[in-house]
1. Roughly speaking, what is the stretch gain from Ser292 to Arg50, that is 0.36 nm per residue apart minus the C-alpha to C-alpha distance, in nm to one decimal?
2. Report, by chain and number, residues whose modeled amide H sits under 5 Å from the one on Leu4, excluding near sequence neighbours (fewer than 5 apart, same chain).
3. Which helices of the chain meet both criteria: a Cα extent of 30 Å or more along the helical axis and a mean Kyte-Doolittle score no lower than -1.0, with helices taken as whole DSSP H segments?
4. Take the cross-link list Lys40/Lys131; Lys308/Lys344; Lys414/Lys446; Lys147/Lys201 and give me the ones stretching past 22 Å between alpha-carbons.
5. Restricting to the chain, what percent of DSSP beta bridges are antiparallel, rounded to 5?
6. Any idea of the accessible area per residue across the chain, 1.4 Å probe, to the nearest Å²?
7. Could you rank Met60, Met136 by how accessible they are, 1.4 Å probe, largest area first?
8. Given the rule -39500 (n - 2.57) for each run of at least 4 DSSP H residues, summed and divided by the residues of the chain, what is its mean residue ellipticity at 222 nm, to the nearest 500 deg cm²/dmol?
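The values are calculated or read from the model by the stated rules, or taken from the named source; none is laboratory data. No experiment lies behind these values; they were computed from the predicted model shown. Ideal geometry is used to build each Cβ from the backbone, glycine not excepted, and the neighbour counts take in all protein chains shown. Accessible surface is based on the protein model in full, side chains and every heavy atom, while ligands, DNA and RNA are left aside. Shrake-Rupley method; radii C 1.70, N 1.55, O 1.52, S 1.80 Å.
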Amino acid sequence: MDYLKLLIADDEENIRSGLKQIINWESCGYKICGEASNGKDTVSQIIDLRPDIVLLDIKMPGMTGIEVIKQINEFCDSKALERPAFIILSGFSEFEFAKEAVNLGAKAYLLKPVDEDELQKIVLSVYEDTKKHRDMLVQLRNADTLKEREFFIDAIRTQNSEVPPECKDLRILSDYESSSYVCIIACQDFIERKEAVHSLKNILSSSFDFFNHIILQVDHDYIIIVKTSNQEAVYNCLRRVFLKIPGQSFVCCGGMEKGIQGFLESYNQAESLKKYLFYFSSEPFITMEHISSLKCREISFNLEDCIKKIIFYIETYDKEQLNKLLLELREYFFYYSDNADNTKKIMINAILELHRTLCSKYPEREFESGKIDDVVPNILEKKSFESCFSYFRSIIIDSVESFNFNTADSVIVKVIAYIKNNYTQDLKLEVLGDLFNCNSAYLGKKFKRYTGVQFNNFLDNLRIEDAKDKLIHTDLKIYQISKLVGYSNADYFFMKFKRHTGITPKEFKSQFGKSSDLSDLSDSED
């Protein structure tokens, strides 16, 4: 049953208590929502609780029932709200007051003590009248809503901002020239939990219940048009929507713009944002500000060079450098394109090109083709950039492991990775042989065959490159740099450095260093 709300207002507690029990209110279609003991409290409760019917004592402390009715009528008229139905409770001496109350719109008056049969007859009549009135309002509202929907759908389709005369008095279009509108698009296709799709319209409607708004459905999108002067309040509602349907971002919000032309601008902004939902998947909603931050970045990147680096890191089992490169790649993929299809295409091409190059370079290897065959459908089905890149990254990492797993060169690859991370230590083939459980002489031969250089030369190259960097970018003394890069004997370092570069550390520092002041350098090389 659709219950009406009842408020009881009388200054005598025993009368209020008796009125609660005098009839079975629920069987008559009412639920008691509150009670008041004076005129001021009655006005406050009516405004807060919005009862459908009020049992009102004609004479109460502070304010008469007549004054209560006048104030409430003025309030409801100013806010375009329905007035509650008043039933006056009166003594013989207040008959003139009762007459005035009826003239102000009261439905009836009852003499105290109240006769229960008479009261029940009146409240049942008020219930029927109220229901009929509301049904009529619903029909009128539905007709108006239909006109509003037809207008806005046509405006969107034709981009025409002219309002026909028959629509100018509609609720959401009244004073449209001076009113501001915000347009929101909720895209069902981006909602991860499919069961949430069925409740989406109800969630949107309840979230914007306190706004003058209308909801349209166009294909798989809900378009919410909000008439408001407070865009932050709209944002707060959208945050609540996201809390109710968490996961992938699915809402685009245009700006707050004035008039029907402004509504069209707001709609077009929201529509243009739909393609960015792929990138900003964790946001409760996206606005034009998100796109401004995206477009202000200029990323320079060469994908072909990047693939060469990935292959080198796979070959050398350098997972640390590979992870750094993947972070750069993520930024490149994110900022390179404003189109999800293009971003997916770049990722797919990068994986396929990587696989093709590895197969071409190492024809004797058997690479898994199963995962590669699934790359295209797996990437195309992703709805967010994060899920796409996570899949891309997993393919690359898997390539590192599968390339180096159980192969004749897998030990050498791991040795190289170890040397790169520990070249500043006292490394010898014997030490590495013990670490990796193999004969040092055998390890030396395998190392030369795999890298093309002797172990000692490979180690010296790493140390000298690090020394050059420190000579250029620091003010450290040469003997300090010698120790930091792995040479305990400075004279030995000078010899190795000159053999590799053709000049001494001091000369190198003089030519390329950050400071021309060489007074703090060791002279032991001279």
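1. On the way: separation 242, 0.36 × 242 = 87.12 nm, distance 4.48 nm.
Fully extending the segment from Ser292 to Arg50 adds 82.6 nm.
2. Excluding prolines and chain starts, which carry no amide H, the hits are Tyr30, Lys31.
3. 116-158, 340-361
4. Working: Lys40/Lys131 29 Å; Lys308/Lys344 20 Å; Lys414/Lys446 12 Å; Lys147/Lys201 19 Å.
Those over the limit are Lys40/Lys131.
5. Numbers: 20 of 40 bridges.
If I count the DSSP bridges inside the chain, around 50 percent turn out antiparallel.
6. On the way: 27960 Å² over 526 residues.
Ligands and nucleic acids excluded, the figure is 53 Å² per residue.
7. On the way: Met60 20, Met136 95 Å².
Ranked list, largest accessible area first: Met136, Met60.
8. Details: 22 runs with 297 residues, N = 526.
Mean residue ellipticity at 222 nm (helix-derived): -18000 deg cm²/dmol.
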